[in-house]
Amino acid sequence: MTFVSCSCEKDIRELIENGQWPLAAPPELKSHAAQCRTCADLVLVATAFQRARTTTLAAAKPSTAGAIWWRAQLRSRQQAFERIQRPLIGAQVFALVAVLVPIVAFIAFESRNLVAWFNSLGKLSQSAQAHAGGLSSSAPPGSAGGLIFVLVAAAMFALVAGVALYFDAERK
Amino acid sequence: MPWDLALPNPLTGEADANAQHTAAHMDNSAFAAFYERSARPLWAYLVRASCDAALADDLMQESYVRFLCAERAPSLNDDGEVAARLYLFRIATNLLHDHWRRPRAASIDELPEELFTANSTTAQTEAQAELGPALLSMKPRERQLLWLAHAEGYSHREIAQVTGLASASIRLLLFRARRKLASILRKQQQPAGGSQ
């Protein structure tokens, strides 16, 4: 399809958009539109669209502006909340990592002692007395301090989890 | 101050006081006036481009909400109503494209016409009308271009802003779409003319 432009297009288009076509159009422009394919297409299509626009605008039943404004306020509030929430989530993730990393490091560091400790627990399961005596004597050196460390880490984890739960409840 | 007090509360009338938080470019009364002037043309554009009145309702509301929440939306006072209206039509056009792309990952120009006209109440009610059946045989992009050019009276540059197409290609695309539609309309008119 070859693109063909016509110098009369602009004038014809203006007349149609102003509702002056064909009654108020100059006769020479009307005769030109009857002969020029490009302008004839323009007249046919543009007049059809102008009529369609009139009927479609009349059929439109938009909701109230207040309802839209209210929805936009809700959306805006939600977006603002998400902006505030973002650093909080980051802080929670950081706290979780800060707790988990020492625990994993401790387990890795104390793994050999812990294996020995568990083995001694297995041997001492034969009698309650031997178990009690063996537990106190076979505990590896330094494991008491390690247990305290684990307890502290668990407490920190519980604290962070509590804070996270609080913020989650607040959000809901 | 608790952080949630810094947020606007639409349920307590605080929304008006914090109007600048939602739409820095518009207040409530200015929006109501703008909405009054632009809602019907926007709905007409959406319903003619999509051939689905229910979809047009949804997309129109979403367009205004996004317009109000957009930080870079043109200001009525500074940029004028034309710029604000073009921005609004641009949002609506993007929403239409998103909707069409959602069912399958393909270009909207490659999608079959049936996809856009299925369950179309508007298409059914306007089947007798002059433009309805002809528009249904056009591609969505062509419907958009033709409506913006000949119903809304937008220039090629403005259509390029709304559709995101290159301004230079609008002229050719519009010419092709117009010629195609004119041929369809002439074919429609021929039987009627022959019977008289």
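Take A:LEU42 and tell me if it is crowded, with 21+ Cβ neighbours inside 10 Å and either within 54 Å of the chain's Cα centre (by Cα) or of a type outside the set (Phe, Trp, Tyr) (or both).
On the way: crowded, with 21+ Cβ neighbours inside 10 Å: yes; either within 54 Å of the chain's Cα centre (by Cα) or of a type outside the set (Phe, Trp, Tyr) (or both): yes.
The answer is yes for A:LEU42.
One residue is enough: does segment A:47-58 have a residue meeting the conditions crowded, with 18+ Cβ neighbours inside 10 Å, touching a His at 6+ places or on another chain (Cβ under 6 Å) and without any contact (Cβ under 8 Å) to a residue 60 or more places away in the chain? The answer is yes; a qualifying residue exists. Using the structure shown, decide if A:ASP11 is within 7 Å of chain B (Cβ to nearest Cβ), over 47 Å from the mean Cα position of the chain (by Cα) and assigned to a helix (DSSP H, G or I). Criteria not met by A:ASP11.
Checked against (1) assigned to a helix (DSSP H, G or I); (2) surrounded by 20 or more Cβ atoms within 10 Å (Cβ to Cβ); (3) more than 10 Å from chain A (Cβ to nearest Cβ), B:LYS187 passes all but condition (2).
Take the conditions over 30 Å from B:ARG66 (Cβ atoms), under 41 Å from the mean Cα position of the chain (by Cα) and modelled with pLDDT of 80 or more and apply them to A:ALA98. Does it pass? Quick ask: steps written out before the conclusion?
Numbers: over 30 Å from B:ARG66 (Cβ atoms): yes; under 41 Å from the mean Cα position of the chain (by Cα): yes; modelled with pLDDT of 80 or more: yes.
Here the answer is yes, as A:ALA98 does meet what is asked.
If you check A:GLN20 against the conditions, is it within 14 Å of chain B (Cβ to nearest Cβ) and within 28 Å of the chain's Cα centre (by Cα)? Against the criterion (within 14 Å of chain B (Cβ to nearest Cβ) and within 28 Å of the chain's Cα centre (by Cα)), A:GLN20 does not qualify. Whenever a residue of segment B:57-68 is surrounded by 24 or more Cβ atoms within 10 Å (Cβ to Cβ), its partners that are β-branched (Val, Ile, Thr) and at pLDDT 95 or above, lying with C-beta atoms within less than 7 angstrom and at least six residues away or across chains, give the pairs B:SER63/B:ILE91; B:PHE67/B:ILE91.
Going by what's in this entry, would A:ALA60 be described as farther than 16 Å from B:LEU146 by Cα and either in contact with a helix residue (DSSP H, G or I) (Cβ under 7 Å, 6 or more places away or on another chain) or modelled with pLDDT of 90 or more (or both)? Even if it seems obvious, please write down each step before you answer.
Working: farther than 16 Å from B:LEU146 by Cα: yes; either in contact with a helix residue (DSSP H, G or I) (Cβ under 7 Å, 6 or more places away or on another chain) or modelled with pLDDT of 90 or more (or both): yes.
Against the criterion (farther than 16 Å from B:LEU146 by Cα and either in contact with a helix residue (DSSP H, G or I) (Cβ under 7 Å, 6 or more places away or on another chain) or modelled with pLDDT of 90 or more (or both)), A:ALA60 qualifies.
Determine if segment B:154-161 includes at least one residue that is under 15 Å from the mean Cα position of the chain (by Cα) and over 25 Å from A:GLY19 (Cα atoms). Working first, answer last.
First pass over segment B:154-161, keeping only residues under 15 Å from the mean Cα position of the chain (by Cα): B:154, B:158-161.
From the residues that got through so far, the ones that are over 25 Å from A:GLY19 (Cα atoms) too are B:160-161.
Scanning segment B:154-161, I find at least one residue that is under 15 Å from the mean Cα position of the chain (by Cα) and over 25 Å from A:GLY19 (Cα atoms), so the answer is yes.
Screening B:PHE89 against (1) modelled with pLDDT under 95; (2) of a type in the set (Phe, Trp, Tyr); (3) under 28 Å from A:GLU14 (Cα atoms) leaves a single unmet condition, (1).
Among the residues of segment B:23-56, the ones that are crowded, with 20+ Cβ neighbours inside 10 Å, over 30 Å from B:LEU131 (Cα atoms) and within 10 Å of chain A (Cβ to nearest Cβ) come to 3 in all.
For A:GLN35, the criteria (1) in contact (Cβ under 8 Å) with a residue 12 or more places away in the chain; (2) more than 10 Å from chain B (Cβ to nearest Cβ); (3) not β-branched (Val, Ile, Thr) hold in every case but one, which is (1). Within segment A:41-74, if we keep just the residues that are outside any helix (DSSP H, G or I) and more than 30 Å from B:LYS187 (Cβ to Cβ), the residue that is nearest to the other protein chains (Cβ to nearest Cβ) turns out to be A:PRO62.
The values are calculated or read from the model by the stated rules, or taken from the named source; none is laboratory data. From a predicted model like this one, the values you see are computed outputs, not experimental measurements. When we count neighbours, we look across all protein chains shown, and the Cβ atoms used for this are built from the backbone with ideal geometry, even at glycine.
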